[in-house]
Amino acid sequence: MPLDGVWLSDEPLWYKDVIIYELHVRAFYDSNADGIGDFEGLIEKLDYLENLGITAIWLLPFYPSPLKDDGYDIANYFGIHPDYGLLRDFKEFIREAHRRGMRIITELVLNHTSERHPWFQMARKAKPGSALRNFYVWSDTPEKYKEARVIFKDFELSNWTWDPETKAYYWHRFFTHQPDLNYDNPLVQKKIMRVINYWLDMGVDGFRLDAVPYLFEREGTNCESLPETHRFLKELRAYLDRNFKNRMLLAEANQWPEDAVTYFGNGDECHMAFHFPLMPRLFMAIWTEDRFPIIDILEQTPPIPDTCHWAFFLRNHDELTLEMVSDEEKDYMYRVYAKDPVARINLGIRRRLAPLLGNNRRKVEIMNILLFSLPGTPIVYYGDEIGMGDNYHLGDRNGVRTPMQWNVDRNAGFSRANPQKLYLPLIIDPEYHYEAVNVENQEKNQASLLWWMRRVIAMRKRFKAFGRGTTEFLFPDNPKVLAFIRQYHNEVILVIINLSRFSQAVELDLSKFSGFQPEDIFSGNKFPPIKDTPYLFTLGHYDYFWFVLKKEEETAPFRKIRHIPHISGNWKTLFMGKTKELAGKGNLTALYENVQILWR
Ligand code: GLC
Ligand code: CA
């Protein structure tokens with residue numbers, strides 16, 4: 001039976017509607033007590049992700065690798081690292097995820113390999129100038145391509161490293177142990193097509209194209225986003241479209257908006273791209289209590305082809321990068337978000353969401369509201385849904401890659417191994433200790449962040465406008481309030497966010513929706529109808545509203561039963577005791593009230 005498409009909807013634009021969860025298999029759940037998470041463990045936890053409302057999983061690299069860069073140093077493109085299980089387990093994982101309607105996005109690390117990759121070992125032994133030697137980029141001098149920046153500037157001094165065996169320098173944009181593949185060699189291009197084919201055949205739904213701007217090098221340029229790179233990506237896309245259905249390419253291009261959009265081509269390159277410059281600006285907006293940084297960067301962002309979509313995250317497995325802000329902004333961000341210099345790495349800050357926001361629940365909420373309402377696909381980084389802490393003393397970016405915290409048991413329920421065996425130690429910072437911050441605790445408390453996240457995700461999924469709609473910013477006098485309209489056909493959503501630590505009042509010009517009535521998405525509560533005059537809203541500190549605007553005749557005078565089917569979470573536990581009894585008697589109004597109580 002083919003693995004792909006059996007349980008998934010036949011929707012080519014699925015990537016516009018999904019909620020993505022980013023995780024590393026080794027960090028999630030360890031099924032065999034060796035201290036390392038694995039695919040069998042991940043399969044056991046798919047129900048958890050389903051209950052959270054996740055509809056796509058982005059898996060960090062799981063290939064055979066010496067793991068000097070957390071798997072981004074691949075030693076074999078056609079396998080699974082033995083720590084994480086067998087290929088059979090991976091196939092089973094795809095099947096189980098698809099069965100739950102979840103798509104799988106994996107890493108295509110196409111710019112470089114590990115130095116241990118047989119291609120590099122072969123290249124070293126091959127004759128200079130031969131096709132095999134030229135799998136990688138060699139030079140007799142380190143003076144070439146001087147204009148290319150060094151990315152891991154805390155670790156590397158140059159993009160060239162001397163190889164005593166070949167008596168030549170090899171090119172690498174990242175760590176020394178990650179030689180760059182040479183895309184000028186047609187054999188390399190062919191090999192990468194085979195890699196793609198292999199995983200897509202197995203049922204993978206999309207690839208994150210790691211470090212995609214750096215595929216080609218040309219003298220006199222900064223060696224980023226060159227025309228040759230775009231030409232190759234167009235070929236890759238054409239190959240994908242010719243041979244597979246409903247698959248997706250996501251560009252990891254840490255670039256300014258006008259450069260990032262080039263990765264969409266004319267709708268004939270990548271389907272998605274990360275919007276890197278937005279992330280630091282979300283953090284700036286909330287610190288300066290001003291909507292300007294957000295609106296400014298989105299207004300500088302050129303329009304994109306209809307079939308394309310941005311991808312947004314608040315935090316991920318890397319540092320919060322400050323490459324895409326001005327020098328003053330960078331100083332500012334370091335000053336307010338990384339007072340301790342140890343928290344800084346390369347050009348960024350190695351912290352998770354909750355600690356960055358001082359563990360302020362309301363700040364965490366409005367940042368997530370931004371993530372879930374701005375025009376792009378939201379990505380939740382594992383652990384951030386329960387407000388996990390970090391440990392920036394662990395070296396490199398390991399402090400944001402510690403084991404998932406499931407409960408108060410040994411190793412936070414992540415593993416039954418000797419705690420000394422874990423791939424990384426658990427978070428025991430008193431404020432974020434796994435005995436307090438874990439899934440089981442939050443599962444039991446309806447007021448927890450986890451339940452809040454579930455509710456927001458469930459509500460978002462009720463409306464197509466969040467994934468597909470247009471975005472129109474409103475410009476009320478009060479700059480501390482960000483307000484915008486998302487609209488898709490007749491569906492109109494009004495989002496209002498107070499970025500300030502104090503209450504605010506705001507008057508919005510909603511005259512073009514005169515005769516409509518705002519209905520709070522979370523409660524179904526109706527607000528007074530919109531007129532031609534400015535509409536006054538008041539918001540508490542770090543407060544938000546999601547309204548659906550309905551023509552007055554569409555709105556019924558009472559709360560509607562229709563909310564019930566949209567509740568996510570585990571229905572089996574919802575329908576117990578009193579609730580089950582009411583459902584059995586068909587008493588829908590009473591049932592609704594009861595579910596509402598559970599829901600809160
Ligand atoms: C990407 C990854 C990062 C990795 C680098 C080199 O930027 O996100 O984690 O270190 O590529 O592969
Ligand atoms: Ca294991």
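The values are calculated or read from the model by the stated rules, or taken from the named source; none is laboratory data. The structure displayed is predicted, hence computed values, not measured ones. No Cβ is skipped: glycine too gets one built from the backbone with ideal geometry, and neighbour counts run over all protein chains shown. In case anyone asks, the SASA skips ligands and DNA or RNA and just uses the protein heavy atoms, side chains included. Shrake-Rupley method; radii C 1.70, N 1.55, O 1.52, S 1.80 Å.
Computed values, structure above
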quantity: Subset of region 186-234 that is at positive phi and more than 24 Å from the chain's Cα centre (by Cα) - its residue that is surrounded by the fewest Cβ atoms within 10 Å (Cβ to Cβ); calculated: Gly220
quantity: Residue in region 223-246 that is within 16 Å of ligand 1 (Cβ to nearest atom) and hydrophobic (A, V, I, L, M, F, W, C) present; calculated: yes
quantity: Any hit, region 498-506, residues being more than 18 Å from Ala354 (Cα to Cα), of a type in the set (Val, Ile, Thr) and touching a residue at least 60 places away in the same chain (Cβ under 8 Å); calculated: no
quantity: Members of region 365-383 found to be under 16 Å from the mean Cα position of the chain (by Cα) and open to solvent by 10 Å² or more (accessible area, probe 1.4 Å), listed by number; calculated: Pro375
quantity: Entirely in region 1-82, the helices (runs of 4 or more DSSP H) that have 1 or more residues that are of a type in the set (Gly, Ala, Ser) and within 16 Å of ligand 1 (Cβ to nearest atom); calculated: 25-28
quantity: From the options Tyr136, Tyr183, residue that is buried (at least 19 other Cβ atoms within 10 Å of the Cβ), farther than 30 Å from Phe28 by Cα and touching a strand residue (DSSP E or B) at 6+ places or on another chain (Cβ under 7 Å); calculated: Tyr136
quantity: Conditions (1) within 24 Å of Met248 (Cα to Cα); (2) buried (at least 22 other Cβ atoms within 10 Å of the Cβ); number of the one not met by Asn76; calculated: (2)
quantity: Residues within region 275-290 that are surrounded by fewer than 18 Cβ atoms within 10 Å (Cβ to Cβ) and in contact with a Leu (Cβ under 6 Å, 6 or more places away or on another chain), tallied; calculated: 1
quantity: Pick from region 291-317, criterion crowded, with 17+ Cβ neighbours inside 10 Å and in a loop (DSSP other than H, G, I, E, B), ranking: farthest from ligand 1 (Cβ to nearest atom); calculated: Arg291
quantity: When residues of region 381-397 are limited to those that are in contact (Cβ under 8 Å) with a residue 60 or more places away in the chain and in a helix (DSSP H, G or I), the one nearest to ligand 1 (Cβ to nearest atom); calculated: Asp384
quantity: Conditions (1) closer than 24 Å to Ile54 by Cα; (2) open to solvent by 60 Å² or more (accessible area, probe 1.4 Å); (3) modelled with pLDDT under 95; (4) in contact with a helix residue (DSSP H, G or I) (Cβ under 9 Å, 6 or more places away or on another chain): number failed by Tyr488; calculated: (3)
quantity: Qualifying residues in region 87-133 (those that are over 27 Å from the mean Cα position of the chain (by Cα) and among the small types (Gly, Ala, Ser)) - the one nearest to ligand 2 (Cβ to nearest atom); calculated: Ala123
quantity: Within region 147-162, tally of residues that are assigned to a loop (DSSP other than H, G, I, E, B) and either more than 19 Å from Leu226 (Cβ to Cβ) or within 16 Å of ligand 2 (Cβ to nearest atom) (or both); calculated: 7
